[in-house]
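Visitor: Just passing along the structure, written as structure tokens.
Values quoted throughout were computed directly from the atomic coordinates according to the rules given, and no laboratory measurement underlies them. Computed from a predicted model, the values in this text were never measured in an experiment. Cβ atoms come from the backbone with ideal geometry, glycine included; neighbour counts cover every protein chain shown.
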Amino acid sequence: MLGVQLAALLDGEVPGVAEALDLVDGFDDALVHGLARLDEEQAGRLAALAGALRDTPLGPAVGEAVEKITAGSIGEQELAALAGARTTLLGAVHDARLARFDAALGRARDTWEEPPASPPVEGPLGAGRSWLQELAITGWRGVDHDLVSAADQAVSALLDEPALRGPAVLLDGLAAELRASCPVATMDRVPARRWADLWARALLLLQPGTSGTRPAGAVSGRLLPLGVDVHEHGTAVQIQVHGVLEPTDGSPTRLVRASVAAAKVDTIVGPAVWRLLDGHPVLLKALAEHRSVDLAEVPVTAGGDLIWQDDRATPGEPADPFATARLRLSDALAPAVPPLERHPVRIAEPVLVEGYTIDGDALTLDGHTLAVDLERLPGCGPLTPELVAASSTCVGLVRWEAGRWTLQPLAVQATVKRKTVEAHGGDWALGPTDPKVAKAEAKAGDAVAVLRERAGRLLRR
């Protein structure tokens with residue numbers, strides 16, 4: 001990213017965004033107090049939401065839903081319509097923001113094509129929807145431990161279905177946040193936007209026919225990893241590898257992602273989380289040793305996500321992520337964004353930034369300032385705020401969060417004691433390379449191995 005590109009990215013507000021977000025805020029405020037207790041102002045803001053979508057395909061359904069909810073009839077169908085309306089507005093904001101990013105960097109993006117239809121995922125979808133309905137009726141301010149505990153049975157049932165583990169983890173995460181905040185009535189401030197995001201996404205993913213990952217084809221070629229984004233909470237961990245794919249069929253180089261996940265307990269943290277993913281040795285080896293990966297007919301979604309299968313991947317030659325970013329990132333075709341992924345906080349675009357300085361959490365390049373997201377640095381790798389502060393080259397993800405653009409570092413080149421050092425988020429995928437960290441890990445013992453042994457013992461009984 002050059003200074004002129006950063007200037008174009010930061011160049012003022014996008015028209016219409018503020019108005020769309022105001023409509024979203026109106027719905028979110030209604031969820032805070034509960035749809036069963038709408039006052040005149042909240043009912044008016046729901047009516048404004050319906051009015052904004054009147055001329056869209058969703059218009060009739062949203063208008064009818066608002067009328068019924070205002071009259072006190074709050075059913076699953078009405079809630080799904082409102083969740084769809086909110087998602088549509090945020091999708092428009094997402095599109096405007098992403099268009100600004102693509103224009104600033106000159107990034108070409110593929111057009112969305114709906115993948116072939118697949119059989120709808122069967123499973124206990126209704127239990128999750130019922131719990132979300134109770135949340136909407138009660139409102140965040142009315143959430144107590146009894147209401148949160150009602151989610152446990154739905155989450156357990158969803159986790160039993162492999163195709164529904166994504167919605168299950170999402171529902172579990174929302175329940176965990178609510179549980180930690182109970183009783184919500186005593187909170188000074190409710191994270192209304194975040195909880196409404198989780199609520200609406202979960203409700204839509206639990207509709208028949210929307211769950212599950214659908215491949216749009218298969219790809220073969222050379223994957224050049226750029227960096228890894230680690231998503232972690234108490235009961236799950238996921239790594240999302242961003243990379244450049246050079247297809248063997250001669251089609252354009254493209255940006256792709258490869259994600260793998262595992263269940264965990266909250267006592268497994270730091271470098272130990274990598275051991276939960278040891279069923280994907282090729283991917284971990286590529287991250288730890290900075291290697292390319294040769295892929296053979298790996299399924300891929302229309303949104304550019306590889307459905308990772310380790311047995312279709314072979315470790316390749318050494319591949320420096322910084323060299324990949326310098327040589328291939330600018331001409332790689334970015335994937336289209338699936339409809340349910342169109343939300344501004346889900347923007348995460350890989351970039352290379354060079355020649356900057358950092359003061360605190362602010363990166364300055366040619367007189368322009370970009371916030372650096374230090375809170376997303378993974379605890380399972382060598383990236384630290386100190387290394388980021390000393391860096392002048394970074395491969396990272398540009399995000400839109402809290403009303404501003406931010407940069408999340410995935411790898412940096414820094415000068416430490418007059419020596420150039422590198423740190424990548426996946427450097428410890430095969431174990432810590434820092435002797436002090438490795439010694440501490442050895443002293444603490446292998447928590448993953450202990451838990452697996454205990455689980456095996458229980459299953460043998």
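Visitor: Residues with amide H under 5 Å of Leu410's amide H, sequence separation 5 or more or different chain, H placed in the peptide plane at 1.01 Å from N; which?
Guide: Val395, Gly396, Leu397
Visitor: Here is a follow-up. Taking the Cα centre of segment 20-160 as origin, sum charge times position over the Cβ atoms of Lys and Arg (+1) and Asp and Glu (-1), and report the length of that vector in debye to the nearest 20.
Guide: Value, rounded to 20: 360 debye.
Visitor: So how tilted is helix 447-460 from the main axis of the chain? Cα-based, degrees 0 to 90, rounded to 10.
Guide: In the chain, helix 447-460 runs at an angle near 60 degrees to the longest axis.
Visitor: Mind listing the phi-derived Karplus ³J(HN,Hα) values for segment 56-61, rounded to whole Hz, using 6.51, -1.76 and 1.60 with θ = phi - 60°, and x for any glycine or proline?
Guide: Karplus-based 3J(HN,Hα) across segment 56-61 equals 9, x, 7, x, x, 5 Hz.
Visitor: Angle check, please: helix 125-138 long axis (alpha carbons) against the longest principal axis of the chain (alpha carbons), in degrees 0 to 90, nearest 10.
Guide: For 125-138 against the chain, the angle is about 60 degrees.
Visitor: Turning to a different aspect of this structure: Just to be sure I understand: if I project the alpha-carbon convex hull of segment 190-275 onto a plane and average over all orientations, what area do I get in nm²? If you can, show how the numbers build up before the last one.
Guide: Details: hull surface 33.8 nm².
Averaged projected area of segment 190-275's Cα convex hull equals 8.5 nm².
Visitor: List the GluC sites (Glu not before Pro) within segment 1-44 that DSSP assigns to loop and that have no more than 14 neighbouring Cβ atoms inside 10 Å.
Guide: Glu13
Visitor: At q = 0.16, 0.18, 0.23 Å⁻¹, what log₁₀ I(q)/I(0) does segment 328-442 have when each alpha carbon counts as one equal point scatterer in the Debye sum?
Guide: Treating every Cα as an identical point scatterer, log10 I(q)/I(0) equals -0.83, -1.00, -1.34.
Visitor: Karplus couplings for segment 251-262 from phi (6.51 cos²θ - 1.76 cosθ + 1.60, θ = phi - 60°), rounded to Hz, Gly and Pro as x?
Guide: 6, x, 4, 9, 7, 9, 10, 9, 10, 9, 9, 7
Visitor: A further question follows. Bins of 10 Å, beginning at zero and ending with the bin holding the largest distance: percent of Cα pairs per bin for the chain, please.
Guide: Calculated over all Cα pairs of the chain, the distribution is 4, 18, 28, 28, 17, 5, 0 percent.
Visitor: Additional query: Could I get the Rg over Rh figure for segment 215-328? Both from C-alpha atoms, Rh via Kirkwood, rounded to two places.
Guide: So for segment 215-328, dividing Rg by the Kirkwood Rh gives 0.98.
Visitor: Right, another one. To the nearest 20 Debye, how big is the dipole of the chain about its Cα centre, given +1 on the beta carbon of each Lys and Arg and -1 on that of each Asp and Glu?
Guide: Roughly 1200 debye for the chain.
Visitor: Additional query: Applying a 10 Å radius around every beta-carbon, put 244-254, 321-331 in order of their mean neighbour count, most first.
Guide: Sorting 244-254, 321-331 by mean packing, highest first, produces 321-331, 244-254.
Visitor: Next question, about the same structure. How far, in degrees from 0 to 90, does helix 40-52 lean away from the longest principal axis of the Cα atoms of the chain, to the nearest 10?
Guide: Computed tilt is about 60 degrees.
Visitor: Okay, moving on. Assuming 1.002 mPa s and 20 °C, estimate D for segment 3-205 with Stokes-Einstein, Rh taken as the Kirkwood radius over Cα pairs, in µm²/s.
Guide: D = 116 µm²/s.
Visitor: Related question: Below 8 Å, C-alpha to C-alpha, sequence gap of six or more: please give me the relative contact order for segment 66-212 in percent.
Guide: For segment 66-212, the relative contact order is 31 percent.
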